[in-house]
Every structure is written in C-alpha cells, then in structure tokens.
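Here's the structure we're looking at; comments come further down.
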C-alpha cells in the first residue's frame, strides 16, 4: 500500500476520490502497482461522507476484487495516470486526450485541480446518492437488448435460441462496442464485443466493419461474383448481414461510403485470388484473414487520408485509437471464437448433476499469458527482451498485446511523424499521438491477428458469454457461469420443489421457499441475462449477493469517477438450443 | 354400465379417501368404455359430467323430462369437480348467488339419503375473518343479506373466533362472520350421486365420449357430433367447464362463452397428532387470501393469489395438462399467510400440493342461459371456483329455463346474453381473469371498475374527454365517463379512494349536478344500444305493437317510453322508441341490452325479408345536453326555434347542429331534467361536440359524467333496467301503468299477465326511500342490495341508491313486499300498505330510518323555463 503512487501526488495526503483524472488504463504511461489506489488514511471523502460513514465499507469489496483480479491474472494498472506520473520515463509528461470534452480539462496543474474539486457542489454540501430500485433498473436496462431466433413452423432449427446483450458505461462516452448479426448468404451467426482504448473511434469502426469482412471472407466465389456484378451494373445488392442492434448501437453514415469501398476492394481481391478450386471455405482462415485485412485497411486509410476533412480526421482517430475484439461465429454445432486482445469468451456447461462449469474458449493476449510474452520476445531482437514487455505492458504502455488500430505500435517512427505532420491540426495538438513509445526500435509491436479456437457444441453446452475485461476483472469465470446458468434455468425451468415421499413439514417448506424467493428476487427483476450479470458484477457484496445499496452507490458515481471503480462492461450471452445441438449429434 | 360402476363405488365405501375412489372409478369405467353405442336421438344432450352437468341432468329428470343424454369426455366427476376443495359457502355478494348456494346446501344434505351414495357432507359452518375495518363492513353487508333470505349468520368478535377453531391466531383480527350452516362435502361424490339419481330417473350417461361440435340448422340446435357418432337433439347444454369456451367456438355458428382458466393451488396435509375434528369450521381469511378446511384430520388450505397463472389460453393443450404440477414457489405467499394465521401448524407434515385449474369469467359471475345466436343451445359454466356451491342451484335454474322457457328467479346477472362476441377475445379473457381471480378475495367496495381489458369500445370523443379530466368506467366494453376531475383538483390515489363511506369525488359530482340543474352539461352517452327497425309495409309497426307494452302508433317524430315484456309481464327491456317515419323506428336501450334485446327481437320477429332490424349502435355518438340552458345552446347552433311550442318534449327531429346536418335531436333526457339527446353520425361527433362546447361557454356548459346522471335520475325516481327492473318486474309494480296500452284493446305480449295482475293486485311495489337520520359524511353509504325493513320486519331489498344533492339526503330505490307474518308468503302490496309503514334501511347491520315515497317529488322537476330565456332564444331563432 505504501507504494501507492497516489499518495505521493496528493500533497495533503488526501485520497482524491473526485479526481477528474480518470482515463484509460490501457494507455497508462504510469505503471502504478495497483488497479485502485488504497488510501492510507481515508480522512475526508466528501462525496461519500454522508451516504456512507465509513468509506472503507465500499472499498473493502473492491480490495477483495482487486486482489482477486491479481490472482486471476489481470494486469495491475493505475487509473490515476494524471496524478501518479511517477514513471521514470515520463514523469513530467501530462498526457491528455482531445477526443472528447470530458478529457479536455485534465491538463490543469495540481493546485487548480484541487480548487476545482473543492468548488464542486457536492464537496461542500454532502448529498446522498441513493437511487431507488426503479432508478437502478432504468440505468442497468438502458442498453439491454434481446434477440430471439424466430421459430419456423414451431420448430427452431437454429442451434442458437437467442442472445441477450447489455453494456454499462464507465467511460463517458463508453468505449466498448458490441455487434451481432446473422449471415444471410452463409449460415451462421456472428457475435462480438469490442473494447476500445484511447477513445471509442476504433472500437466503433471495428464494430461496424469487422462482420462484413468476416462475412465476405466466408462467401463462396460465385456469391462474391454475383455481388460484384450487382455493384458494377448498379443492381440491388444481395444482403449479407442481418444486424441485431440496440437503438443505441449506431453506425456512422459519413464513413459508410469509404468503408464500402475498402470492403469492395477486399472482395475484388478475393475474387482475383480465387484459384478455381472450390474447396470448402475454412472458417478459421476466414476469420484470421478478415481481422488482418480490416486492420490493414484501417492503417491504409489513415495513411492515404481523405479529402473530406471530417473523414480524414475520423480515419486518423480510428487508426490512433485501439480496440480489442472477441468474435464468435456459430453455425450449427460449429463454434469458432476469434480473439484479439483481452476480452474473453466463456462457455457455460451444465454437468449431468445440474452444476455449472466454465470452459474458456479464448486466450487473453496480455502479460499474464506467457505464450504471448514469449511470442513478443521472439518477434523482436534479443536486446529488446526487457523493454518489449515492461511492467506487464507492451513497451510499458499498452495492456493488450494484440489490438486493432493503435498505429503508434505498428507504424515506423517516420511514418507516424509524416502522417501526424500532414494531418489536421487537432491531431497535431494532441500530445498523445505525437508521443512515440519508448524503446521503439523494431515495429510493428502490435498485431490484430486473432487467435481462433474451435469448439464443437455438445448438448451440455448451454450458453456462451462474450464479455470485455470490465466483467472479467470483477468476477471470476466460475461465478459468471453459475450466475448466468442459474438465471437461465430459473427463467425457463426453475427446478421445481416436489414433496413426493419426503417428510416435509409446513414450517420447513416455508423456510425453504422464503430462501428461494430471496434468491430469485434479483433474477425476476431482469428479463435479460446480460443485465442480470452486470447487476451482479457491479452490485455483489462479499457474500456474492446483490446489495442494492452498493449497486445504487456504484451507479450514482459521477461520470468522472465511475472509471476509477470499474471499466466499461459489455456482455453478450448467447443461449444454445440443446435439442437442436443434440439432434446434430445424433445425426452423425 | 353406469350402475355397475356405482356398485363398485359403493363397495369402496370403507375407504375414507376420495382420491383413492377416483382411481377405482377410473379403472372401472375404462374397462367398460368400449362396448357402447349412443342413442340416435334425444331431447336434451348435456356435455360435461362434472357437478354442473350432473346437476342439470338431475334437475331436468326431476322435472319430468325423460329423453336426456349426458356425455362426458373422460370419467364422470373427473375434471375440476374431482379436485375441488369441497367447501360449500353461502356467503356471496349477489342475492341470486346466495340463493343458489343455499339451495345447493339443502340439496346436497339430503342427497345421501336420496341416493344412498355417501357424499361426505358435514355441516361444519364457516368463519370469514376480517383483518381490517373495511373488510368487516363488507362482511356485515353480506351478513345482513344472508339473514333476510333465511340463512343464519352472525358477526362475531375475535375472541369468539378463537373458540370456534383450535389453532387460529386471532390477534390481528377485528371481527369475523360465522355462517354455521355452511358445509364441506366431497364434490366428486356429490356429482356421482346426482348422476346416479338422474340415471335412475332415466338419464343416459356415457363417459369417454367427446362432443366434437354441435349441429345447427337455421339457428336451432339439431344434434351433436361426437367421437362415437351423432345424436339428434333439440336442446344442447354446454357444461364443459373450462373447455366450454372452445366447445362454443367449435360450432359452425360459434357460441361465444367468455371464460378462461387459471391454475389454482391448494395444500393437503397429513393428520395432526390429535386429528382435527371433522366438524371443525372452514376458515376463510380473505385479507390473507386463503381458505382452510379440515381434511381427514389434517387441513386443506388454498387461496386466490395476487398473481394468478392463466392457463389453456390457446385451448386444450395436452402438454399443459401434463405440466400441471405443484408450484411451491408460487404457493409461497399463501403458505406464509397460512402459517401466520395458524402458527402451530408449522410442524404439520405436507402430503401434497394440488394444482387444479379453475374457470373464471370477465365479471366474476357464472354464465348460464341460452345462446343468443343458436336456439336450444344452453350453457352453464364459468363458476369462478364456486362450482360446488352454485352447482345445485344453478342446475335447477337452468333446468327450469329449458323446461319453462325462463327460470323462477331473476338471473340476468348470470345470463350468457350479458356478454357478446366482444368479450370473446382470448387476449382479453387472459388479461381479465388475471384481475378476476384475485378479486375473489379482494375487498369489493362500491363502484369498483375492472382495470384490465379496458378501452375496447370508445366514443370518438374519448381522447377529448380524457384530456379534460374524465375518469372512466366500463359497461359492456364501452368506456363511459364517471365524472370529470377539474384541473386544480387532486384526487386521492385509486387505492385510497376505495371506501364504503363518502367518496372523494363527492364535491366534483355535486358541481356537475348543480350545473345540470342550473345551466347545461354535456354527457357522452354513446354506449347506449341503438337499433333501427324498418319495413316496406306496416310490418315494423305490427311487430313492435305486439312486442312492446306501450302504444307505438304515434305521429311521426314522437318518442315513446315503453317496456318490452315477456309472457309474464316482466321487463325484458326498457327502452325509448322514436318513430322516424311511418315505417321506421329508432330504439334506444341500455348498453348491456345489445345482445339480449337483439336476441329477443330476432326470436319474436317473423322471418320476413321486408322487415329489417339493424344494430346502429356504432353509427351514432350520443351527446346528452342536459339542463335548462340546453335549449339556448341548441337553438344558437341550429338557428331553429327550440321552444316547447316548436319542439315539445319527447319529440325527435333531424336537424343541423353547427355545420353538421342530419343530427337526430330528441327532446328527452334519461334523468328527468330538461334537455336534448343528440344522435350524431360519428364523423360529425367531434365537430358537434366542439361547437356545443364553444357556444355553451357563455351558458356555463361543462362536461359531466354518469355519476351525476345517476344522482339525478334516482332522486327523480327513474328506474333503470338491469339495476331496478328485471324480467320479474312488471310495469304495474313500478308505477308505470300509464306506459301500458291495457285499455286500447290491442294484443301485446304479457298483456294477459298484466290484466290478471291488475285485477289481483301487485305483490311488490317499487318505492323510493329517503334516508332520514343518515349522516352523509360519517355514516356508511348505501350501495344496493340493502335490506328494507317495514315496521321492523324484512320487506325487500334496495336496487339502487344515490345521494341527492337537491334533497341533501340519500335516496334508495327498492321493492317493498308484503310477506305474511305467519307463513312468509307474499301478499298483495297496496298503496295504503306502503304509506302506512315505518321504514328502515339496513346498511351493514346499521338501520337508518327512511321515508317511503311512491311518486317522485314534484319540486325536483323544473320543466318550466324562465320567461326571459324564452324571449332571448326567440330572438335568436328568428
């Protein structure tokens, strides 16, 4: 705790809860030893002093989580980049993002920042931040989305019953994105979560474009030709994807033309490359190609630029920000997960005795993954072995070891400088973009190439959870699978109690039922498995039960504070149809 | 074959458990099921071998009908009847329901003696607990009404309750009602006993025979198609319980029977260590939503939860039947409630949680009677979980209905024809029964309205009125304004305004009433049923002259108030008929008459293509301009003289109002105030309403609702069909002799009965009571159904009541009978008899003095208009 750098930055020994300095932990240039700094002396906490007499109450579970997350291998990082810049390399550099106004004010000196804090309304007059259960629900449910695969003739032939998704922002605006779509020209469904860093531009672009690249990669030669001919002759195009979007999931209209042209170039190349042998398209290869191609296009678009100044700035922002991606492709019993970065895909398996177990279908690409560290070291000269992964970060800076965008870790220094100089002024003013990572000798250091895992679905595989690390760092995978599993079975066929044969008294039964009801009450509030999971992730107390008070406090944190307590959380829960999966199995 | 399995049952008698018997029964009938051929024809075919079906069969055979076939798709008494909790309770809200339950009680009691089949009948009595004062009031109201129809019951203190039942926690009780003659019975055995008695009287019973559909020709039942062949028949009785809805729809000409099933749970326990006496009273704790009866030394306890689970929405579904499992989590609130009421039962061992679906109807009353669409198609179903209590009585009334053409009691409240096809939507039923089932134990306060299944039929002005603060009630699916909340007034929340005392809208309605009396109000009365009868010749007049009691051969443009009587002279309908032309009539009847009146007219009109009956309810929006200034508003809008000379009362004219032409204006109101009814083709409704409101502004016009209307009509002693009048009341009994053409020498339906009654005198008389020592602010308000006492002796019940803002007194309307002091027989009621009595009205056990009046109070009628008004409007008009 003594190592906590926050203390040394805070002249008065106060732990600045209302520090408006939260920012992206991935790009933290200061390798703070802890995810969250623990106050040595929690003297004055104006925000919570009324609502919660002893601030540590709130932090205690966080400490636990923090420790848990250490155990489970989440990287240590610091949210207080601005304050705890004790990094030997960059001690004086105050980075800021100009991407959005929330961050534009961060580069003020400590003194004025202190005044700023003091001047806050709530600093002088403590206020309660209690939210009523309906308010909590409206926050949790604001982004929830459910999709049920339509049943045909009363028979659902898809191996997917449907999916629930939701996201809870911590950054303002949220940097996570999610996508879900059904492939119309091939079978199968695509689902993905994208965790952006250094802004949301890259994750937004990837969420819009990646599935098209994948779908195109999967298309047979004839279909590609047909589409190309249609474009050529101005005919109506074959629809490729059926999106399943929440109203908040937007697509940028401005870049649509640009994106389309890049995509068209891609399929034209695919058509040209076709050697005539109509071999079965390998999904794994298609996924890898699509990821790499999209990242390549992002990079190229930024290098080429666009005459439209808005688009020009957009493609640069996309390229200079980054995003991880975790995408699942489900076709019948074939489940492919392509992962780039530290989001995770987890399969919920119900054992014969009804208990739940978790099967991880992706590997995190970060410092906790020894193979990744090994890979990086091998890809670069021996003398960089120490600097390429430093303080559990890529070049001491970036947490995920694979990502889209992030050209700062991909382009040569020359290229970076050239693009920035010829770029718009906004880019030039941005110190972050100008800053070249230390020990930057043999780029690229970063790739978007995904690791693809294949899993053949079995009837006991009940659901798949795709989530950004915002979830995984607060909850253990076993808890995640257990909560979702119990939620889903509770919703559909709650294990009924039957007396049959046993000697049960009215009193015993009553006790049992009261217990069950208490357990179920939180389930009944949610119609969406992802929402239910977020409720637990944010509101769980030490005993693994949702604590409304805690939930209410966590959700009432002001924008600038929320990021200190949690990351953006995005979750997709895909439910499988065991009957269909079983039928597939029996066929063979 | 039937006798054989009865004998098997008798041999099983030693076992006390009916569940076991059911098993025995099933195996017995299963082995016999195959070698059966159905008769080719019968007089009556009854579908359903539950308590209702067997009861109808029993009563029909008792009344001497022989040729009866009863079909049951499974085994006799195997549906809801088998799983019924077996509680017979007479404490009901409607008098007709109390009578049915009372009859059932007496019938079941002697059934064992009559048939030799044990029915498990034990007179345990029942105790209804009140946790709140409001509940106690509700019980007191029921108590008063039970006593006057001869069912003993009393209100008792919590202490006394504890003496009646050994385990009862009475600390949270404020009182209770004890009904000592209520009983418990094995419902399946009752049904079997009824079946056995019926079969001894010649009824043929076939189980494992399903009715596929009913064959109909020319709107008349001709036979039944079953899975074992056809049976020709004249009458078909649908007693199919929760399947009655589907069976009704299976015909080519569907019969709409609005009912829907919900899952219902009750708990069975093993016996207590010292087994509970088998005469331990049944406990009903409506505030705790549970009932508890003794059962084989242990208890049987179930309830009506707040969150019912509707089932079989999409019809009979084998999967759902199989999945009818115990749902303990669903039962948890009821179990908590049970343990709160009887904490000592904690250690009692559970035997079983039974899930037996019960059937509910949109208004919580059962459904009986003949289909309006198919003659000879009778229905008895939708018992709202009181099948055992009502089964006997309801079967009797339905049998009378089939044999005599009408039942011996007024059953309009239960008549199938109170519903139409509009209540037949599955979605509507599903939503509505979810409200109805909890309502069984909810507190029923005056003027409650259903909240679900609303906004089905609305006037085109609905949104306009709603925006102006209208609060709505529903009648026959139609939204009608109750009153208008002024913008500055904040009414109590809905929950809190549920009261037996002075309601929170009192002042609002007062202002509306005052406006009706002094200025002008507009009331949207579009829900009224409107028919047009036209013919090429004189057929329309001839038919109407026969069907209606008043002389309709009036000059064109005149309006006649008249009743539509049945053979016994009772009102089938009370309506106003305007003669539009020589050959066409416009008929306005109460809202809920839409189906009944249509069926009655269809039934009695000759098959004649030149005679056309049309339901034009939907074509017209009806606005009632009510009040002394209505005439000014209307003459300003029409530039036509509206003075009594030009437009006498009870006159109808098509004229223009505002820009809209062809508005049917009638100089009549339904309250006795001066005013006009405007029948407006719906596309003009908004225009006319806007014009009326604009022009009316300077005359102080405002919106008004049905509560004001009700107060106005009751203080003027206007009887309404459905509330005050029914099929058993004649015009002579309610002082409407002047509306009957007895002296004109014309033949009309019911004439003979009326002539006889005129000679013999009437046995009851419609009377107005003005409460004397009633404090409107502090005392309980009358509602309807309160007993009337004459010189300290019961003399009848009220039918409606309202506060009269002019008299500043409560006014109750009701019928006074003259029950002989010795025999209780009804005697002639003379004017003198009424006038010489001292009257009291019993409101929840508290009697208030009342002054009886046979004629309306003349000073309330303000037909005369002030002189200056006449001159002013004349100026406008010319």
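The values are calculated or read from the model by the stated rules, or taken from the named source; none is laboratory data. Here the structure is a predicted model, which is why all the values come from computation and not from measurement. Here the Cβ is made from the backbone with ideal geometry for all residues, glycine too, and neighbour counts use every protein chain on show.
For the reader, a short list of remarks on this structure follows.
Per-residue answers, yes or no, for (1) within 19 Å of residue B:580 (Cβ to Cβ); (2) touching a helix residue (DSSP H, G or I) at 6+ places or on another chain (Cβ under 7 Å):
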| position | (1), (2) |
| --- | --- |
| B:638 | yes, no |
| B:642 | no, yes |
| B:649 | yes, no |
| B:656 | yes, yes |
| B:660 | yes, yes |
| B:677 | yes, no |
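- For residue B:407, the requirement of being more than 14 Å from chain A (Cβ to nearest Cβ), buried (at least 20 other Cβ atoms within 10 Å of the Cβ), farther than 19 Å from residue B:48 by Cα and in contact (Cβ under 8 Å) with a residue 40 or more places away in the chain is not met.
- Scope region B:702-718; condition outside any helix (DSSP H, G or I) and crowded, with 23+ Cβ neighbours inside 10 Å; matching residues: B:704, B:705
- Residue check for residue B:300: within 11 Å of another protein chain (Cβ to nearest Cβ), more than 24 Å from the chain's Cα centre (by Cα) and crowded, with 20+ Cβ neighbours inside 10 Å: no
- Which listed residue is buried (at least 18 other Cβ atoms within 10 Å of the Cβ) and in contact with a helix residue (DSSP H, G or I) (Cβ under 8 Å, 6 or more places away or on another chain), from A:311, A:316: A:316
- Among (1) modelled with pLDDT of 95 or more; (2) not assigned by the TED database to the domain that holds residue B:126 - the single one residue B:59 does not satisfy: (2)
- Condition met for residue B:326 (in contact (Cβ under 8 Å) with a residue 60 or more places away in the chain, over 29 Å from the mean Cα position of the chain (by Cα), within 12 Å of chain A (Cβ to nearest Cβ) and assigned to a loop (DSSP other than H, G, I, E, B)): yes
- Within the set B:648, B:628, the sole residue that is in a loop (DSSP other than H, G, I, E, B) and either on the phi > 0 side of the Ramachandran plot or surrounded by fewer than 18 Cβ atoms within 10 Å (Cβ to Cβ) (or both) turns out to be B:648.
- Which listed residue is within 26 Å of the chain's Cα centre (by Cα), over 30 Å from residue B:128 (Cβ atoms) and modelled with pLDDT under 95, from B:48, B:86: B:48
- Checking A:449, A:431 one by one, the residue that is more than 14 Å from chain B (Cβ to nearest Cβ), touching a strand residue (DSSP E or B) at 6+ places or on another chain (Cβ under 9 Å), surrounded by fewer than 17 Cβ atoms within 10 Å (Cβ to Cβ) and farther than 30 Å from residue A:531 by Cα is A:449 and no other.
- Looking only at region B:344-373, and only at residues there that are assigned to a helix (DSSP H, G or I) and within 9 Å of chain A (Cβ to nearest Cβ), the one that is farthest from the chain's Cα centre (by Cα): B:347
- Answer from B:514, B:489, B:482 - the residue that is within 26 Å of the chain's Cα centre (by Cα) and either at pLDDT 90 or above or on the phi < 0 side of the Ramachandran plot (or both): B:482
- Some residue of region B:164-171 being within 24 Å of the chain's Cα centre (by Cα) and either free of Cβ contacts under 8 Å to residues at least 60 places away in the same chain or not assigned by the TED database to the domain that holds residue B:347 (or both): no
- Every residue from region B:654-680 that is touching a residue at least 40 places away in the same chain (Cβ under 8 Å) and over 15 Å from residue B:623 (Cα atoms): B:672
- As a summary of the residue check, residue B:305 satisfies the conditions (1) surrounded by fewer than 21 Cβ atoms within 10 Å (Cβ to Cβ); (2) within 14 Å of chain A (Cβ to nearest Cβ) except for the one numbered (1).
- Checking each residue in region B:444-493 for being in contact (Cβ under 8 Å) with a residue 40 or more places away in the chain, in a loop (DSSP other than H, G, I, E, B) and within 18 Å of residue B:365 (Cβ to Cβ) picks out B:444, B:445, B:446, B:447, B:448, B:450, B:453, B:476, B:477.
- Filter pass, residue A:531 being surrounded by fewer than 18 Cβ atoms within 10 Å (Cβ to Cβ), at pLDDT 65 or above and either within 16 Å of residue B:327 (Cα to Cα) or more than 9 Å from chain B (Cβ to nearest Cβ) (or both): no
- Within region A:487-513, the set of residues being within 20 Å of residue B:337 (Cα to Cα), at pLDDT 75 or above and within 7 Å of another protein chain (Cβ to nearest Cβ) comprises A:504, A:505, A:506, A:507, A:509, A:510, A:513.
- Boolean, residue A:205 is in a strand (DSSP E or B) and touching a helix residue (DSSP H, G or I) at 6+ places or on another chain (Cβ under 8 Å): no
- Selection within region B:232-261: residues that are crowded, with 24+ Cβ neighbours inside 10 Å and part of a strand (DSSP E or B). The member of this set that is farthest from the other protein chains (Cβ to nearest Cβ) is B:237.
- Cβ pairs under 6 Å, 6+ apart, first in region B:75-89 and touching a residue at least 60 places away in the same chain (Cβ under 8 Å) and in the same structural domain as residue B:285 (by the TED database), second surrounded by fewer than 22 Cβ atoms within 10 Å (Cβ to Cβ) and assigned to a loop (DSSP other than H, G, I, E, B): B:80/B:356; B:83/B:356
- Residue in region B:449-470 that is out of contact with any strand residue (DSSP E or B) (no Cβ under 7 Å at 6 or more places or on another chain) and closer than 18 Å to residue B:783 by Cα present: no
- Every test in (1) in contact with a strand residue (DSSP E or B) (Cβ under 9 Å, 6 or more places away or on another chain); (2) on the phi > 0 side of the Ramachandran plot is passed by residue B:723 save one, and that test is (2).
- Scanning region B:299-311 for residues that are assigned to a loop (DSSP other than H, G, I, E, B), touching a helix residue (DSSP H, G or I) at 6+ places or on another chain (Cβ under 6 Å) and closer than 14 Å to residue B:359 by Cα yields B:304, B:308.
- Selection status of residue B:580, assigned to a strand (DSSP E or B), in contact (Cβ under 8 Å) with a residue 60 or more places away in the chain, over 23 Å from residue B:478 (Cβ atoms) and out of contact with any helix residue (DSSP H, G or I) (no Cβ under 6 Å at 6 or more places or on another chain): yes
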